[in-house]
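The block underneath contains the structure these notes are about, expressed in structure tokens.
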Amino acid sequence: MFLVSHLNRLKIITESYKRKILVAPLNWGLGHATRCIPIIKALIEQHFEPIIASDGDALRLLRKEFPQLKRIELPSYNITYPKNGHNFKLKLLKDSPHVLNTIKKEKNRIKKILEEEEIHGIISDNRFGVRHKAVPSVFISHQIRVLSGSTTWLSTKFHQNIISKFDECWVPDEAGERNLSGKLGHTASHGLAIKYIGPLSRFSKYNLSAKYKILVLLSGPEPQRSLLAEKLLAQFSNYASPVCFVKGVVEEEQTTTTIGSLTVHNFLTASDLEYAINASELVISRSGYTTIMDLAKLGKKAFFIPTPGQFEQEYLAAKLNADRIAPYCRQDDFTLDKLNQVQDYTGFNNLSFSNDFRGMFDLFERKGKLASHA
């Protein structure tokens with residue numbers, strides 16, 4: 001009896017001293033939030049206490065996935081795309097004062113959080129201001145080089161300067177030649193503390209019989225997400241085979257509508273989406289990096305439609321096309337007959353997925369800081 005009581009007290013003491021890790025994905029589409037899901041699960045499994053910090057759809061999605069975890073709302077970047085993709089760089093330049101102001105607000109919010117909570121580590125997925133010199137801080141990005149056309153050198157220099165203020169940069173990819181991010185994640189790092197952690201996916205692969213001929217999986221900021229949804233719904237309105245259509249709109253209630261052979265969802269939970277991808281012959285989606293990692297993990301065939309004006313997605317789509325993994329086309333050029341190209345591509349297969357989470361989290365187990373940053 002004494003031993004049981006002693007063990008129970010020890011358990012309570014141990015749980016009360018769990019190291020708290022702030023996990024803060026950027027709210028730009030859902031990719032940053034979804035690729036943090038396996039990290040959050042691993043933190044829980046290794047007896048850390050994750051605290052989720054984000055805003056908008058990203059925060060809502062993680063709230064649905066981890067209702068038991070504490071959540072904190074951060075300032076919003078309010079990133080949107082112009083209707084004309086060619087104006088993307090101009091819009092980013094115009095929005096830069098707001099972005100810089102948001103970074104400042106993030107820093108102030110993090111300072112306040114650290115005054116209220118005993119935080120032992122910070123994991124920021126592309127949130128520039130979510131770090132603190134007193135706490136081990138990690139930045140997640142697959143972009144060590146940031147493509148922006150003729151200004152790539154400038155955007156890369158800016159991004160690497162941000163990364164240098166963190167203790168480590170985790171790149172969700174393999175370090176060798178067989179990788180997913182290409183020159184985005186494999187370039188001169190100029191002394192940055194880069195750690196390749198392997199591709200991240202919240203999904204598992206299952207051998208299921210095909211329920212859907214095609215899965216349309218939409219994501220990304222407005223208005224381009226809605227513009228593509230409208231275009232594809234019109235294209236598939238008279239399609240004969242079963243199509244699962246996920247709009248990627250995270251709302252309080254999950255809704256489903258049937259239109260002929262189309263089954264249209266506003267969003268799907270992780271388990272439902274995992275099933276839908278596994279049970280589909282072909283996936284049509286943006287060439288966002290998180291989506292690419294998911295499809296690679298599940299070994300799927302794909303057709304990509306990059307977000308207009310987003311250099312990163314255009315590069316990734318072109319890379320996978322050159323690797324003969326998946327074809328792609330511009331949003332304005334999509335027609336159903338372009339899907340015939342898929343048969344000439346291999347799809348994703350035989351890619352290594354291994355994550356040493358214990359090694360990754362060593363940073364948060366150490367006492368003190370490795371370095372101090374302004």
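The values are calculated or read from the model by the stated rules, or taken from the named source; none is laboratory data. Since this is a predicted model, take the numbers as computed values, not measurements. Backbone-built Cβ (ideal geometry, glycine too); neighbour counts: all protein chains shown. Remember, those area values only see protein heavy atoms, side chains included, never the ligands or the DNA or RNA. Shrake-Rupley method; radii C 1.70, N 1.55, O 1.52, S 1.80 Å.
Numbers for the structure displayed
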read-out	value
Centre separation in Å (Cα based) which lies between the range 214-284 and the range 294-317	16
The range 215-280: GluC sites (Glu not before Pro) in DSSP loop, at most 10 other beta carbons within 10 Å	252, 253
Loop-located trypsin sites (Lys or Arg not before Pro) in the range 92-155, at most 12 other Cβ atoms within 10 Å (DSSP)	133
For residue 328, distant residues with modelled amide H under 5 Å away	304
GNM top mover of 316, 227, 62 - the chain, alpha-carbon springs below 10 Å	227
Accessible area per residue, Å², the range 164-219 with all protein chains present, probe 1.4 Å	44
Accessible surface of the chain, 1.4 Å probe, proportion on carbon and sulfur as whole %	52
Estimated vicinal HN-Hα couplings, Hz - the range 239-246 in sequence order (Karplus 6.51, -1.76, 1.60; Gly, Pro = x)	5, 7, 8, x, 10, 9, 10, 10
DSSP beta bridge pairing in the range 224-374, given as percent antiparallel to the nearest 5	30
Around residue 198: net Lys/Arg minus Asp/Glu count, Cβ-Cβ under 11 Å	-1
Answer label, with Cα extents along the principal axes in Å calculated from the coordinates and candidates [x] 85, 47, 40; [y] 68, 58, 38; [z] 61, 53, 37	[y]
Within the range 244-277: backbone nitrogen closer than 18 Å to the residue 336 label point (7 Å, Cα to C-beta)	244-246, 258-264
For residue 284, residues with placed amide H under 5 Å, excluding near neighbours	215, 216, 217, 303
Peptides 116-123, 190-197 ordered by average Cβ neighbours within 10 Å, highest first	116-123, 190-197
Percent of beta bridges antiparallel (DSSP, the chain, rounded to nearest 5)	10
Neighbour net charge for residue 41 - beta-carbon separation under 11 angstrom, K R +1, D E -1	-1
Dipole magnitude of the chain about its Cα centre (Cβ charges: Lys, Arg +1; Asp, Glu -1), debye to nearest 20	800
Axial C-alpha extent at least 15 Å, average Kyte-Doolittle at least -0.5 - helices from the chain (DSSP)	2-16, 31-45, 152-163, 224-235, 311-322
For residue 358, net neighbour charge (Lys/Arg +1, Asp/Glu -1) across residues whose Cβ lies under 11 Å away	-4
Under 18 Å from residue 231, Cα to Cα: aspartates and glutamates that are on another chain or at least 8 residues apart	222, 332, 333, 337
Heavy-atom accessible area per residue - the range 241-341, 1.4 Å, Å²	36
For the range 216-321: rounded, prolate or oblate by the Cα gyration tensor [a/c cutoff 1.5]	rounded
In the range 123-213, the GluC sites (Glu not before Pro) that fall in loop regions by DSSP, at most 14 other Cβ within 10 Å	177
Unsatisfied cross-links (Cα-Cα over 24 Å) in the set 20/64; 41/213; 20/133; 107/157; 247/338	41/213
